[in-house]
Amino acid sequence: MSILRTINHPGVEVRERDISQIAPAMVGTNFLLPGFTDKGEEYERNAISSMSDYAALYGTPTNEAERYHYYATREVIRNNGTPICIKLPYDNRISDNYKSTVLNIAGSASMAGAPSEIQALSGTEYGFTSYQAVTLGSVTDIVRADVDAMKVGGWPTTSPGDFVIINEIKAPLAGEVQEEGLFVAVVDPQDALAVQRMLPNNTDNSPMDVFLGLKDSSGDIFPTESFSLAPTGEFKDSSISESIQRHFPNIDYLEGGNKVNPEYSQFLGLVVCKSFYAQNGEDLLSVAIVEAHAGSVIKGKKNKSTGLTEYIGDIVNANSQYIKLYQNPAMTVIPEDNTTILSHVNQYYDLMGFDPADALKTIDGTEVVANLNTAFLKADNILDVQIDVVVDAGLSTIAQFTDEVSTFDPVNDNNANDRVITSASDLATWRSVASALEQFCSKSRKDCMTIMDTPRHLVLLGNEKRIRKTAPDKTFSNTIGQDIRYVTGINSSYAALYCNWFAMVDEFTGVQFWIPETVKVAGIYAYNDTTANIWDAPAGLNRGIVNGVYDLSFNPKDKDMDTIYTNSVNYAVKYPLDGFIVEGQKTTQAKPSAFDRVNVRRLFLRLERATYMACRYFVYEPNNLFTRRRLIDVLTPMFQATKAAGGLYDYRIVCDESNNTPEVIDHNELKVAILLKPVRTAEFILVDFIATRTDANFDEIIQEI
């Protein structure tokens, strides 16, 4: 393509154009795992790299719903996949509320009206001319909508304070009298000067009252006499207050030693503490410091030497695992002259936690679909996050077992619909969750698929198998065999259905429990992609081995497998020598085509996403021969590599005048047609043994077979 020169004198002009674009490589396999966890922020999307990260964010499982999510995440990580977790809310107060406290900074006052200990800072040794009182309000509820507003710079009308501190982890209170829990202590420059022995007449025995006591959720006060130091070896000071104050940055004197450095005059320290009963037989509350943060209350304040932020909000929100801090955008009362010192006036601190009744974990099955769709909004943008597989991990069963508002309890649930399946309408709640999973993949993102479980009560009654050991051949046909028809009809190539459940032992409690098959299948998909290719079948003796389980809800015979697989449902089998194996790789699509198999669907999804990403760079380019040729050159290596690796029998990319006619070009369109011959898997191997006469000619017989 000719390019006009820009010089108008005899000479040489060197120019550069980059037409070396290549299609982006799709690396790794990402699994979206919405589910229930003990801790963590609802609806936040987190990519988990290790189970220690999972424990830090979500805690350890406390019930079966949480076990499903925990073990599915573990299977993905163990097999080198990337789990992207989203916590769904329980039906309790914690789901809709946070605990918060308001931090106020009163208007500037002269030193003349200040308390005596503050007035002492106005001399030449310290150089402060005024002070501002800092108060921490009582702990109250704040709703999610207000917190979401503050995250984007808004401010709730119900919180007129200067700052709001949020209990980010939504920690509950503990203990019979609810004296155990989280609280936030304030440390100001005056306290720091005291603990650093920079104030006159300060000795080891002088009182340093960062707090005089705690208030529990009912407002009862527990004075300092009821506290001891935490038995961690960390605290060697004369008081708990002194231990807390030492987390403020060191204040020194300016050069010459005649005036204190005013740099920290507008700093606050926020020290997050936990109160708990010490195991020392004295029945005293102990205090442990879990984290501490210090910074300026001036928004935008930066360190003059490093250029890094010194604003307390930035520091807390970037580093705290417990709290978040938001500033009222209308706050204008803080001078920036470094001559005003802050001084807190609190005597008591409130515990920032929920009562046990507020934290009771219940699940309303009728709300699961709405909550699931809210979670999907965090991951519906193909440009924002790569998603390959969405994992049910028992969510559909959890919803079905709690279609009456109750705690998830698959063993003791009394709903008749969860015990006996008599029609498809008995599984309406399960089907609504299955539909939400499928719609997210096929309609919202269009670049991923979901693996789903049949309802638990299709194969189990409480903790017991539906198949009796005394008559397995008879009981399959009149229980699972006849009821499996009620879970069909999803009819989508974006979904694969698995029907067996595994028995395993919980690593935390030693409890034996049943997990849905997709908990393990998620790991098999990750293993398949790591050791083979995305277009290979995640099943069978090579890539479908299940570890860490000791039993199946039922072990199908040959005829049972026929019944299951002809209904487009996949399953698991226990072989005498090979162990537990996932069998089948059908999608739920009813129409026979290439897309009724998982390996073909996943191949197309991966290639379609890569093609989409590559084509984005050709938007606004001229629709001419050069652009079309470049687009083909970008896409060809990707499809050629897939063919060479065994994923395609053949392919063809058409992007020329045949499909980009003048009419198409006039509509500002550029058309690309990609024809693929996907590789099919050998699922049915037919071996013929033929006996012949001694004088038979093999070549002639082979031609007749």
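In the range 633-705, with Lys and Arg counted as +1 and Asp and Glu as -1 at Cβ, which of these residues, Thr692, Pro637, Asn660, has the Cα nearest the positive end of the dipole, that is, farthest along it?
Going by the Cα projections, it comes out as Pro637.
Based on the Cα coordinates of the range 93-350, what is the per residue volume of their convex hull in Å³?
140 Å³
Under the rule of -39500 (n - 2.57) per DSSP H run of 4 or more residues, summed and divided by the residues of the chain, what mean residue ellipticity at 222 nm is obtained, to the nearest 500 deg cm²/dmol?
Values: 21 runs with 181 residues, N = 705.
Here the helix-only value at 222 nm equals -7000 deg cm²/dmol.
Dipole magnitude of the range 633-705 about its Cα centre, charges +1 at Lys/Arg Cβ and -1 at Asp/Glu Cβ only, in debye to the nearest 20?
Taking the Cα centre of the range 633-705 as origin, the dipole is about 300 debye.
State, as an integer percentage, the relative contact order of the range 633-705 based on alpha-carbon contacts under 8 Å between residues 6 or more apart.
Relative contact order here is 28 percent.
Using the Karplus curve 6.51 cos²θ - 1.76 cosθ + 1.60 with θ = phi - 60°, what ³J(HN,Hα) values do you get for each residue of the range 305-321, in whole Hz, with x for Gly and Pro?
7, 9, x, 7, 5, 10, 6, 4, x, 5, 5, 5, 5, 8, 10, 7, 9
Taking +1 at the Cβ of each Lys and Arg and -1 at the Cβ of each Asp and Glu, which of Thr60, Gly394, Gln132 sits farthest along the dipole of the chain towards its positive end, judged by Cα position relative to the Cα centre?
Value computed over the given set: Gly394.
So in the chain, what percent of DSSP beta bridges are antiparallel if you round to the nearest 5?
So the antiparallel bridges amount to about 70 percent of the total.
Please arrange His247, His457, His9, His69 by counting, for each residue, the other beta carbons lying within 10 Å of its beta carbon, fewest first. Spell out each step's value before the answer.
Numbers: His247 19, His457 24, His9 5, His69 29.
Least crowded to most crowded, the residues run His9, His247, His457, His69.
Using a Cα-Cα cut-off of under 21 Å, which lysines could be cross-linked to Lys259, ignoring same-chain neighbours fewer than 8 residues away?
Lys304
Give the value in nm², to one decimal: projected area of the alpha carbon convex hull of the range 447-577, averaged over all directions.
9.2 nm²
Assigning unit charges at the beta carbon (Lys, Arg +1; Asp, Glu -1) and nothing else, what dipole magnitude in debye, to the nearest 20, does the chain show about its Cα centre?
Once rounded to the nearest 20, the dipole reads 2340 debye.
Could you give the length gained by full extension between Ala673 and Glu13, i.e. 0.36 nm per residue of separation minus their alpha carbon distance, to one decimal place?
Length gained, Ala673 through Glu13: 233.6 nm.
For the range 93-350, build the charge dipole from Cβ charges (+1 Lys, Arg; -1 Asp, Glu) around the Cα centre, then report which of Phe276, Pro223, Asn258 sits farthest towards its positive end.
About the Cα centre, the residue reaching furthest to the positive side is Asn258.
Fully extended, how many nm does the chain gain between Glu621 and Asn697 (0.36 nm per residue separation, minus their Cα-Cα distance)? Let's see the in-between values first.
On the way: separation 76, 0.36 × 76 = 27.36 nm, distance 6.50 nm.
Length gained between Glu621 and Asn697: 20.9 nm.
Under 20 Å between alpha carbons, and skipping anything fewer than 8 positions from Lys557 in its own chain: which lysines qualify?
Straight-distance partners of Lys557: Lys465, Lys469, Lys474, Lys574, Lys586.
Students often get this wrong: which residues of the range 600-637 have the backbone nitrogen under 15 Å from the point 7 angstrom along Cα-to-C-beta of Thr6?
So the set is empty, nothing qualifies.
Go through 424-437, 466-479, 487-500 and give me the packing order, highest mean Cβ count within 10 Å leading.
487-500, 424-437, 466-479
In whole angstrom, how far apart do the alpha carbon centroids of the range 147-178 and the range 298-326 sit?
The range 147-178 and the range 298-326 have Cα centres separated by 18 Å.
Hey, which aspartates and glutamates would be in cross-link range of Lys677, C-alpha to C-alpha under 16 Å, not counting anything within fewer than 8 residues on its own chain?
Result set, ordered by chain and number: Asp536, Asp596, Glu608, Asp650.
Using every Cα-Cα pair within the chain, state what percent have a distance larger than 43 Å.
46 percent
Using the structure shown, select from Lys151/Lys299; Lys215/Lys274; Lys99/Lys299; Lys151/Lys378 the pairs with a Cα to Cα distance greater than 19 angstrom.
With Cα atoms farther than 19 Å apart: Lys99/Lys299.
Tally Lys/Arg at +1 and Asp/Glu at -1 over every other residue whose Cβ is under 11 Å from the Cβ of Gly300; what's the total?
Here the charged neighbours net out to 0.
Classify the range 573-621 from the C-alpha gyration tensor, please: rounded if a/c falls under 1.5, else prolate or oblate depending on whether a/b exceeds b/c.
The shape class here is oblate.
Calculate how large, on average over all directions, the projected area of the Cα convex hull of the range 633-705 is; give the answer in nm² to one decimal.
For the range 633-705, averaging the hull's shadow over all directions gives 9.2 nm².
Can you put Phe513, Phe276, Phe163 in order, fewest other beta carbons within 10 Å first?
So the ranking, lowest neighbour count to highest, is Phe276, Phe513, Phe163.
Would you order Thr6, Thr309 from fewest to most other beta-carbon atoms within 10 Å of each residue's own beta-carbon?
Starting with the residue having the fewest Cβ neighbours, the order is Thr6, Thr309.
Kindly provide the chymotrypsin sites (Phe, Trp or Tyr not before Pro) of the range 584-681 that DSSP labels as loop, not H, G, I, E or B, and whose Cβ sees at most 12 other Cβ atoms within 10 Å.
Working: sites: Phe595, Phe604, Tyr612, Tyr617, Phe618, Tyr620, Phe626, Phe639, Tyr649, Tyr651; in loops: Tyr620.
Answer in residue order: Tyr620.
Let me know the shape class of the range 361-505, please: from the alpha-carbon gyration tensor, a ≥ b ≥ c as square roots of the eigenvalues, rounded when a/c is under 1.5, otherwise prolate if a/b is greater than b/c, or oblate.
Taking the square roots of the gyration eigenvalues as a ≥ b ≥ c, the range 361-505 is prolate.
None of the figures in this text is laboratory data; all of them are computed from the coordinates on show. Quick caveat: nothing in here was measured; it's all calculated off a predicted structure. Methodologically, a virtual Cβ is constructed for each residue, glycine included, from the backbone with ideal geometry; neighbour enumeration extends over all protein chains shown.
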